[in-house]
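Heads up: the structure comes next, in structure tokens.
The values are calculated or read from the model by the stated rules, or taken from the named source; none is laboratory data. All of these numbers come straight from a predicted model, not from anything done at the bench. Here the Cβ positions follow ideal geometry from the backbone for every residue, glycine too, while neighbour counts run over all protein chains shown. Calculation scope for accessible area: heavy atoms of the full protein, side chains included, ligands and nucleic acids excluded. Shrake-Rupley method; radii C 1.70, N 1.55, O 1.52, S 1.80 Å.
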Amino acid sequence: MTQPQTKAEKLRQLFSNRVINQVRQVLDLWRCLPDTNWSITAMSDFANALEKLESSATRFEAEKHVALARELLTILAEIKHGQPPASEQLEQLNKQVRQLSETALRHSDKAGADNLIPSKKPIYIAVDHQETAATLSQQMEYFGLRGAIQQNEQEFLTALQERHPAALVLDINFVADGHGLVLAEKIQAEREQPLPILFTYQQQQPTIEQKLSAMRSGGIGLYNSDEIHSLIGTLEDLLDTTPEDPFRILIVDDSKSQAMYSAKVLNKAGMLTEIVNEPLQVLDVLSKYNPDLVLMDMYMPDCNGMELAKVIRQHKEYINLPIIYLSGEEDKQRQLDAMAEGGDDFLTKPVGARHLLSTVKTRVHRARQLQHLIARDSLTGLLNHTHILESLQDNLNQDNDMPVSFVMIDIDHFKNINDQHGHPVGDIVIKNLSLFLKQSLRKSDPIGRYGGEEFAVILRDANSGQAAMVMEKLRTNFANLIHTSDKSLQVTFSCGLAQWRGESLSELVERADQALYRAKHNGRNQVFAADNEV
């Protein structure tokens, strides 16, 4: 039986919630800054939010939040009044904001002054079939999402007036045939900002007219009531508030004034920039800066842009790096020839700020999508075998005293699942575990599909004992998930882990693999830490 909270614990929870809300406010204001071109008002609002966070975190003794708020305020104080931050300042701000976002840990972490769990807005569930609604709400809870079931139309509309939800899950036939679509249209018409709606249906496939109506009413997905975990996966992506890594743009131009103009435009939009005025230095800078895109002048001393692009493309790591030419060249044939020699786009000087931003954003988004596909497993969206090991090596190379634990997971009796339920169900189980891990762990913890039914996790800043506690809770919760519509299939996993002790990557992986073997050998459905550090 759960013991009632003491007065001190209630007070601690009150301050905890206050800090949580202020972290969320800081992150929301940060995302809006580039859209305001770093206006004085927006910068002031951001600074005020940081000061409130610092005050509350100090009272709550959340030292990490205090330090991050003060560091951010120090950087802001160095920015010239009325000006956007320089690229170096922007990079420092991004680094601190990302660390701030990572202090809000997932429900699998132990609560405490520096381990705060964000209280997310509810997701309203308006589905006629009460058993389906209850199952969806229960499964969402295991993924860290909070569902609120609406029993009827009046209760639904009242809830919308009382609190703004994170999203809606709405049956197209809620209350009556097609009435969910009518409700959605009414709800969206009363709002300046539309609510994201995930539509569901029970048996009969919706007509094309119903599908169109759903999309016109802000629908971002249409799911059969059996597709619970696909729906939850969409919610996970939709509600992910982790700040995106800023775009890194390398500007290669012998004209300092033109380079500074481009940098200023891009910095205002929240992008990081590095300027190279000597084109022969570009390869050295490329390896150190690791840009998302190169913005390059066509005509420069020592070599032209086409020649430099061909040299860059000779390095396999830069084959997919977008290169945009920036030049006063107006001859269309020469522009086409330039793009045939390694370029991806051509902008003619003078180029307007909006045109420059639109072109750069589009190219970087596509390049990142391509890189995401290359690095990810196609079934789960997790890092593939090669890239999870690369991520592990990157973490081991970091020059700090932070502990790192490597975790290997194997689904129990997976062959039996395929034999008895079929390979499509086996794929569902694999996808459910991947989604469960993504939602349950911190955004800062890399997760990969190691191969087949095996997964790997890198737990940063977690020793062997802490990692074992986290994985034990995940193991228990995953066993409660259902994977088929008839609720007949529940699955467990075994887990082995090892804390890095300074050995090579291969030796660390071998220790974790041996720990996994021990977990399987001891009866499965358990966590085993190397050297018995459970």
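Convex hull of alpha carbon positions in the stretch 294-345: directionally averaged projected area 3.3 nm². Rounded is the label for the stretch 240-366, because a/c, from the alpha-carbon gyration tensor with a ≥ b ≥ c as root eigenvalues, stays below 1.5. Residues in the stretch 181-193 carry Karplus couplings, in order, of 5, 5, 4, 4, 4, 5, 4, 5, 5, 8, 10, 6, 9 Hz; the curve used is 6.51 cos²θ - 1.76 cosθ + 1.60 with θ = phi - 60°, and Gly or Pro positions show x.
Between His164 and Lys316, full extension at 0.36 nm per residue minus the direct alpha carbon distance yields a gain of 49.8 nm. Near the amide H of Ala148, within less than 5 Å, lie the amide hydrogens of Ile123, Tyr124, Ile125, all on another chain or at least 5 residues away, with H placed in the peptide plane.
Roughly what angle does helix 423-440 make with the longest principal axis of the chain, taking Cα atoms, 0 to 90 degrees, to the nearest 10? Approximately 70 degrees, to the nearest ten.
A simple rule links phi to the HN-Hα coupling: the Karplus curve 6.51 cos²θ - 1.76 cosθ + 1.60 with θ = phi - 60°, which for the stretch 170-175 gives 10, 6, 5, 10, 4, 6 Hz, with x for Gly and Pro. Other residues within the sphere of radius under 14 Å centred on the Cβ of Asn48, judged by their own Cβ, net out at -3 (K and R +1, D and E -1).
Normalised by the number of residues in the stretch 357-515, the mean separation of alpha-carbon contacts (under 8 Å, six or more apart) gives a relative contact order of 29 percent. Charges were assigned to the Cβ only: +1 to each Lys and Arg, -1 to each Asp and Glu. The resulting dipole of the chain about its Cα centre is roughly 1000 debye. Against the main long axis of the alpha-carbon atoms of the chain, helix 153-162 sits at an angle near 50°. Between 0 and 90 degrees, the angle of helix 87-102 with respect to the longest Cα principal axis of the chain falls at about 0 degrees. The stretch between Ser44 and Asp245, if pulled fully straight at 0.36 nm per residue, gains 70.0 nm over its current Cα-Cα span. Listed values for the stretch 413-420 are Karplus-derived 3J(HN,Hα) couplings in whole Hz (6.51 cos²θ - 1.76 cosθ + 1.60, θ = phi - 60°), namely 6, 5, 4, 5, 4, 4, 5, 8, and x replaces Gly and Pro. List the pair-distance distribution P(r) of the stretch 470-514, using every Cα-Cα distance, as the percent of pairs falling in each 10 Å bin from 0 up to the bin containing the longest distance, rounded to whole percents. Whole-percent P(r) values from 0 Å outward: 24, 31, 26, 15, 4.
Calculated from the alpha-carbon coordinates, the stretch 375-516 shows an Rg and a Dmax of 15.1, 51 Å respectively. Sparsely packed loop sites in the stretch 469-534 (the GluC sites (Glu not before Pro) outside DSSP H, G, I, E and B with at most 13 other Cβ atoms within 10 Å) comprise Glu503. With the charge dipole of the chain set up from +1 on Lys and Arg Cβ and -1 on Asp and Glu Cβ about the Cα centre, the Cα lying farthest toward the positive end among the listed residues Ile323, Thr484, Leu505 is that of Thr484. Measuring gaps between exposed loop sites in the chain (trypsin sites (Lys or Arg not before Pro); DSSP loop; at most 15 other Cβ atoms within 10 Å), the longest gap, sites not included, is 192-486.
Amide H contacts for Thr484 (H built 1.01 Å from N in the peptide plane; partners 5 or more residues away or on another chain; cut-off under 5 Å): Leu489.
Here the scattering of the stretch 210-266 is modelled by Debye summation over its C-alpha atoms, one equal scatterer each and no solvent; at q = 0.16, 0.29, 0.30 Å⁻¹ the log10 of I(q)/I(0) is -0.68, -1.13, -1.15. Applying 0.36 nm per residue to the separation of Lys443 and Asn37 and subtracting their alpha-carbon distance, the gain on full extension is 143.4 nm. The loop-placed GluC sites (Glu not before Pro) in the stretch 22-67, going by DSSP, that have at most 15 neighbouring Cβ atoms within 10 Å of their Cβ come out as Glu61.
Close amide H partners of Leu326, meaning residues 5 or more places away or on another chain with modelled amide H under 5 Å apart, are Met296, Asp297, Met298, Leu347. On the basis of the beta-carbon distance and an R0 of 30 Å, Glu390 and Ala67 show a calculated FRET efficiency of 0.50. Here the Debye sum runs over all C-alpha atoms of the stretch 330-419 as equal scatterers in vacuum, and log10 of I(q)/I(0) at q = 0.11, 0.13, 0.24, 0.25 Å⁻¹ comes out as -0.65, -0.76, -1.21, -1.24. Rolling a 1.4 Å probe over the protein heavy atoms of the stretch 226-334, with every protein chain left in place, gives an accessible area that is 46 percent carbon and sulfur. Of the two radii for the chain, the radius of gyration is 0.99 times the Kirkwood radius, both from the alpha carbons; that is the Rg over Rh value.
When both bridge partners sit in the chain, DSSP labels roughly 35% of those beta bridges antiparallel.
Across the chain, C-alpha contacts under 8 Å between residues 6 or more apart give a mean separation that, scaled by the residue count, equals a relative contact order of 10 percent.
Solvent-accessible surface of the chain, averaged per residue with a 1.4 angstrom probe and all protein chains in place: 50 square angstrom. Between Glu190 and Glu278, the FRET efficiency from the beta-carbon distance, with R0 = 45 Å, is close to 0.20. Restricting the stretch 317-412 to GluC sites (Glu not before Pro) that sit in a DSSP loop and have at most 12 other Cβ atoms within 10 Å of their own Cβ leaves Glu330.
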